[in-house]
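I have placed the structure first, in the form of structure tokens, so that the comments after it can refer back to it.
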Amino acid sequence: MLDALGRDINYLRMSITDQCNLRCFYCMPAGWSGRADLLSFEEMLKICFLSAGLGITRVRVTGGEPLLRDGAAKFCKDISLVPGIGHVSLTTNGALLQRHLPELAGVLSSCNISLDTCQAEKYKTITGGGSLDKAMDAIFETLRLGIPVKLNCVASTAFDEQDALDLASLAKDYPLTVRFIELMPIGPSSGATLNGDQIFALLEKRYGRLEPMKDSVGGGPAACFKPKGFAGKIGFISPLTSNFCSSCNRLRLTADGRLKPCLFLGKPVDLKALIRSGASDSELKEAISSAVKGKPQDGCPSKGAVEEGMFRIGG
Ligand code: SAM
Ligand code: SF4
């Protein structure tokens with residue numbers, strides 16, 4: 001699907017729940033207890049099927065914590081069987097991942113696991129009670145099963161140089177990608193102590209020149225590097241200091257069934273309302289296409305903050 005600016009929109013991120021078993025301070029507002037009227041898996045599969053017919057080839061399952069929803073692993077498998085969908089990936093905090101890995105192996109093209117620090121107490125504080133051991137065990141088991149792992153490391157106000165060095169050292173020792181992500185002004189908290197450029201400079205000082213990997217700069221939001229002697233890679237997703245809207249290829253489906261053309265701007269299309277009012281497949285396809293047509297040129301985070309947290313939109 002080409003949008004008005006000629007960008008090929010081929011990537012759908014689906015939030016399958018707005019519930020979470022953790023409480024990351026920058027994502028979930030304190031005291032959040034809401035629960036959206038979620039799309040059923042059947043409704044989401046229908047959207048996937050129709051989107052694939054329009055040119056979506058990659059799907060990411062996310063949330064909230066996607067693995068909190070019963071049947072999430074089977075849903076990933078079902079999506080992978082939709083004709084035209086070549087890549088299915090999952091974003092998770094890892095707390096429940098291990099028990100689902102046998103079902104997910106062979107289905108996922110990759111698994112993103114969130115990890116903002118390697119210090120147990122700090123992890124607990126950032127996540128509102130999470131266990132670093134559980135997240136680490138999940139990371140190693142995912143690798144052991146041969147599923148490519150990307151670590152999402154958000155540089156929030158709690159993040160410091162030691163975190164950057166500790167996390168980078170995981171990519172030195174293991175064949176995974178550590179991605180440093182600038183915190184966007186979405187949800188309850190914004191601001192940071194280190195931006196992507198500063199983390200980059202810190203790592204170059206420690207590991208020497210970071211050579212860009214040819215196939216990873218410009219292909220997606222992460223600019224990737226493989227320092228000498230590293231088993232894995234380092235990536236930077238820097239929406240604040242290095243805007244990548246011109247190559248954005250994604251749509252987002254919120255857990256309550258709104259299709260968002262952009263994290264920041266553009267009018268969401270209420271697919272749930274359409275499905276439940278009996279819209280035909282061609283009307284639904286038309287609605288999906290209209291979201292693509294409404295994709296803004298530049299949803300640059302500096303244009304304003306988004307109150308609705310990432311756990312609702314689907315990160
Ligand atoms: N619960 C899962 C997890 O934590 O991986 C999936 C959903 S979570 C919303 C997806 C990703 O969004 C996480 O890596 C999280 O750190 C990130 N995130 C949350 N709020 C963010 C923000 N304001 N800016 C950038 N990333 C954010
Ligand atoms: Fe939950 Fe993920 Fe948000 Fe943390 S970042 S509160 S794990 S949805």
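What strands (runs of 3 or more DSSP E) completely inside segment 30-143 contain at least 2 residues that are polar (S, T, N, Q)? Full working, then the answer.
On the way: elements: 58-62, 87-92, 110-114.
Per the criteria, 87-92, 110-114.
Residues in segment 6-21: is at least one more than 24 Å from residue 310 (Cβ to Cβ) and modelled with pLDDT of 95 or more?
Start the filter on segment 6-21 by keeping residues that are more than 24 Å from residue 310 (Cβ to Cβ), which leaves 6, 8.
Now restrict to residues that are modelled with pLDDT of 95 or more: none.
Checked against the condition, which is being more than 24 Å from residue 310 (Cβ to Cβ) and modelled with pLDDT of 95 or more, segment 6-21 yields no hits at all.
Any idea how many residues of segment 168-227 are at pLDDT 85 or above and in contact with a helix residue (DSSP H, G or I) (Cβ under 6 Å, 6 or more places away or on another chain)?
Count: 13.
In segment 153-186, what residues are open to solvent by 10 Å² or more (accessible area, probe 1.4 Å) and in a helix (DSSP H, G or I)?
Matches in segment 153-186: 161, 162, 165, 166, 169, 170, 172, 173.
Please verify whether residue 57 is modelled with pLDDT of 95 or more, open to solvent by 20 Å² or more (accessible area, probe 1.4 Å) and either within 10 Å of ligand 1 (Cβ to nearest atom) or within 19 Å of the chain's Cα centre (by Cα) (or both), treating the condition exactly as stated. Walk me through it before giving the result.
On the way: modelled with pLDDT of 95 or more: yes; open to solvent by 20 Å² or more (accessible area, probe 1.4 Å): yes; either within 10 Å of ligand 1 (Cβ to nearest atom) or within 19 Å of the chain's Cα centre (by Cα) (or both): yes.
Answer is yes for this residue.
Just one of 296, 261 is within 17 Å of the chain's Cα centre (by Cα) and buried (at least 16 other Cβ atoms within 10 Å of the Cβ); which is it?
On the way: 296 fails: within 17 Å of the chain's Cα centre (by Cα).
So the residue among 296, 261 that is within 17 Å of the chain's Cα centre (by Cα) and buried (at least 16 other Cβ atoms within 10 Å of the Cβ) is 261.
Please tell me if residue 250 is out of contact with any Pro (no Cβ under 8 Å at 6 or more places or on another chain) and modelled with pLDDT of 95 or more.
Values: out of contact with any Pro (no Cβ under 8 Å at 6 or more places or on another chain): yes; modelled with pLDDT of 95 or more: no.
No; evaluated as a whole, the condition is false for this residue.
The values are calculated or read from the model by the stated rules, or taken from the named source; none is laboratory data. The structure presented is a predicted model; accordingly, all values stated were derived computationally and were not measured. Quick reminder, even Gly has a Cβ in these numbers, built from the backbone with ideal geometry, and neighbours come from all protein chains shown. The area values use the complete protein model at the heavy-atom level, side chains included, leaving out ligands, DNA and RNA. Shrake-Rupley method; radii C 1.70, N 1.55, O 1.52, S 1.80 Å.
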